[in-house]
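Worksheet: one structure, shown below.
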Amino acid sequence: MEGRHDFRRWPVAFIGHGTPLNALADNEFTQSWARLGSVLGRPRAIVSISAHWYTRGTRVTAMPFPETIYDFGYTNMFHLKYPAPGNPALAARIGQLLDPIAVAQDQEWGFDHGTWSVLLKAYPAAEIPVVQLSIDGTRGPTFHYQIGRRLAPLREEGILLLGTGNIVHNLEFSIRTGNAQPYDWAARFDQLVREKLVERRWDELVDYLSLSPDVAFAVPTPDHFLPLLYVLGAADPAESLSFPIEAIDRGSMAMRSVVIGAAEGA
């Protein structure tokens, strides 16, 4: 059973989720996700911002029983389920917090692998209500950071805000065989983001396109980077910060995870 902690303000976390195949694996990444659930304990509910729900406009899952979505071609994974309940009341609360931004109460999406592959390891009992918040692909980075700031009050209500993506994510250069070493540009950009996080220079991360020429390869599309900005928006720079995982998988996929506000390292 997951532990329980009486956080006055619930921590926030960004998880590098990588390939969907991690859901089948027992490796350093999935072991870290399992420890995360143990360290953080059991929140009242979870709001997940996944790289894989990229929409026009902002949407939130509002059904009582979201489905597990297989947004990939690995048919050997279609037996996996994450039957956590939804939380329509929380979805409505998010709509209130984000007003006047229109938040569509979605009845169709469910949990994509960016959400359930992580939660399957962190909270395997699938008893904690989960809602997903989409990423409006028509808006720039500052918009997403501000959404995170508006969601920050949920932390006082026992809600875990979880972003899942990858700080570096370039499938074109992914090396899927052998012991792949990180590309130089991937390692440099991952370390640069780490430095900005540690120094709390989060405004520079919001303006990530100006960070380094390496961004052209490290973040060829914004979808996997933007969930980090939601987490930073909801966080306080004075809070503790830790990196449960610091690694690059397949040469071009940063698996770095960041936990902010935990009383102990995750």
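Worth pointing out:
- Some residue of region 75-90 being crowded, with 22+ Cβ neighbours inside 10 Å and either under 30 Å from Asp207 (Cβ atoms) or among the acidic types (Asp, Glu) (or both): no
- Index of the failed condition, Ala180 passing every other in (1) more than 29 Å from Val47 (Cα to Cα); (2) in contact with a helix residue (DSSP H, G or I) (Cβ under 9 Å, 6 or more places away or on another chain): (2)
- Exactly one residue among Tyr145, Tyr82 is in a loop (DSSP other than H, G, I, E, B) and touching a helix residue (DSSP H, G or I) at 6+ places or on another chain (Cβ under 9 Å), and that residue is Tyr82.
- Some residue of region 111-126 being surrounded by fewer than 22 Cβ atoms within 10 Å (Cβ to Cβ), outside any loop (DSSP other than H, G, I, E, B) and in contact (Cβ under 8 Å) with a residue 40 or more places away in the chain: no
- Taking the criterion of being under 22 Å from Glu239 (Cβ atoms), part of a loop (DSSP other than H, G, I, E, B) and touching a residue at least 24 places away in the same chain (Cβ under 8 Å), the residues of region 168-208 that qualify are Arg200, Asp207.
- The residues listed here are Pro220, Pro213; of these, the one that is farther than 30 Å from Arg42 by Cβ, assigned to a loop (DSSP other than H, G, I, E, B) and in contact (Cβ under 8 Å) with a residue 40 or more places away in the chain is Pro220.
- Ala92 being part of a helix (DSSP H, G or I), of a type in the set (A, V, I, L, M, F, W, C), touching a strand residue (DSSP E or B) at 6+ places or on another chain (Cβ under 8 Å) and over 17 Å from Asp223 (Cβ atoms): yes
Matching residues to (1) under 24 Å from Tyr54 (Cβ atoms); (2) among the aromatic types (Phe, Trp, Tyr):
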site	(1), (2)
Ala125	no, no
Ile147	yes, no
Gly158	no, no
Gly163	yes, no
Asn170	yes, no
Phe173	yes, yes
Ala180	no, no
Arg201	no, no
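- Considering residues of region 28-61 that are modelled with pLDDT of 95 or more and part of a loop (DSSP other than H, G, I, E, B) only, the residue surrounded by the fewest Cβ atoms within 10 Å (Cβ to Cβ): Arg56
- Leu192 meets all of the listed conditions (1) closer than 16 Å to Met253 by Cβ; (2) surrounded by 13 or more Cβ atoms within 10 Å (Cβ to Cβ) but one, namely (1).
- Trp53 being more than 23 Å from Gly158 (Cβ to Cβ), in contact (Cβ under 8 Å) with a residue 60 or more places away in the chain and not β-branched (Val, Ile, Thr): yes
The values are calculated or read from the model by the stated rules, or taken from the named source; none is laboratory data. Only a predicted model underlies this, so the values are computations on that prediction, with no experimental measurement involved. Quick reminder, even Gly has a Cβ in these numbers, built from the backbone with ideal geometry, and neighbours come from all protein chains shown.
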